[in-house]
Structures are given as C-alpha cells and as structure tokens.
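The values are calculated or read from the model by the stated rules, or taken from the named source; none is laboratory data. Treat the numbers as computed from the prediction; the structure is a model and nothing was measured. Virtual Cβ from ideal backbone geometry, glycine too; neighbours counted across all protein chains shown.
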C-alpha cells in the first residue's frame with residue numbers, strides 16, 4: 001500500500017522508525033518530511049502535505065506524527081476528502097477505517113511508544129471500510145458537511 005508519511009520536529013526520530021516499520025511490512029512509504037530536525041518547524045506544513053497526497057489519490061493512506069497527534073489531526077481534516085483521527089489504541093485505529101473510512105492516522109510521538117505504534121499501524125493498514133448501509137449513510141453525511149451541502153437540522 002502507498003502510504004504518505006509526515007512529521008514535525010516532535011516526531012522526527014519516531015517518523016524515521018515508523019518508515020522502517022512500514023517498509024518491513026511491504027508498504028511503499030512516501031516520506032514528505034521533515035527531512036531534517038528543525039525545532040522551529042510547524043506540524044500544519046507536514047499534515048497538509050500528507051493530506052494532499054491522500055486526497056489526490058497519490059497515496060492510499062497517510063500517517064502523521066506530531067507531539068500529541070492532536071494538531072496533526074486538526075490540520076489534516078481541513079483538506080477535503082481526508083478523514084484523519086488521532087489514535088492511541090488499536091480499536092480506534094481499525095474501527096475508524098471500518099466505520100468511518102478514516103484514511104489518515106495521527107500518532108503522538110510523545111504519547112505512544114514504538115511497539116504500540118507498530119500495533120496501531122497494523123490495525124489501521126489492515127482494516128477496510130465495511131460499506132455497510134449505516135456506515136455509508138453516515139459517511140455521506142460527513143461528506144455533505146465537508147462540501148457545504150448539508151444544512152443544520
């Protein structure tokens with residue numbers, strides 16, 4: 001699977017370890033940076049780069065690492081077609097894909113160790129959207145909100 005991968009300074013070393021994990025599992029990781037450790041860089045730059053790759057179809061999924069995972073999630077979700085979530089447990093990592101068609105996982109390098117990150121990635125990358133009617137209905141409502149077609153009820 002083609003995976004877009006990005007981080008800011010807070011997840012720099014962690015992202016490099018994640019890239020190795022992805023490669024070992026046969027995934028094609030596209031490293032969008034940071035490529036050098038810069039304590040003054042900003043997570044929205046890398047979250048945006050990953051989100052664009054996923055939204056355009058250049059990558060099937062995305063992995064963003066920042067200090068907590070929160071900022072990356074907020075920034076990535078600003079890109080139409082991206083459904084990003086911070087996941088620090090395996091249930092959310094697979095359920096977000098299965099029920100919500102999540103296509104970007106955000107991980108906090110200051111929160112999660114490498115062993116758990118490996119389990120999160122396996123759960124996230126091994127999951128597929130169920131296409132169940134109730135999940136499709138909900139996903140379509142999310143897409144309508146994103147496009148501005150849905151009005152408040």
Of all residues making up segment 130-153, the number that are closer than 22 Å to residue 56 by Cβ, free of Cβ contacts under 8 Å to residues at least 60 places away in the same chain and surrounded by fewer than 16 Cβ atoms within 10 Å (Cβ to Cβ) | 7
In this structure, is residue 85 surrounded by fewer than 23 Cβ atoms within 10 Å (Cβ to Cβ), in contact with a helix residue (DSSP H, G or I) (Cβ under 8 Å, 6 or more places away or on another chain), modelled with pLDDT of 95 or more and part of a strand (DSSP E or B)?
-> yes
Residues of segment 57-77 being without any contact (Cβ under 8 Å) to a residue 40 or more places away in the chain, within 13 Å of the chain's Cα centre (by Cα) and surrounded by fewer than 20 Cβ atoms within 10 Å (Cβ to Cβ), which ones?
-> 70, 74, 77
Which members of segment 103-117 meet the condition of being surrounded by fewer than 17 Cβ atoms within 10 Å (Cβ to Cβ) and either part of a helix (DSSP H, G or I) or free of Cβ contacts under 8 Å to residues at least 24 places away in the same chain (or both)?
-> 113, 114, 115, 116
If a residue has to be in a loop (DSSP other than H, G, I, E, B) and touching a residue at least 24 places away in the same chain (Cβ under 8 Å) to count, how many in segment 27-56 make the cut?
-> 10
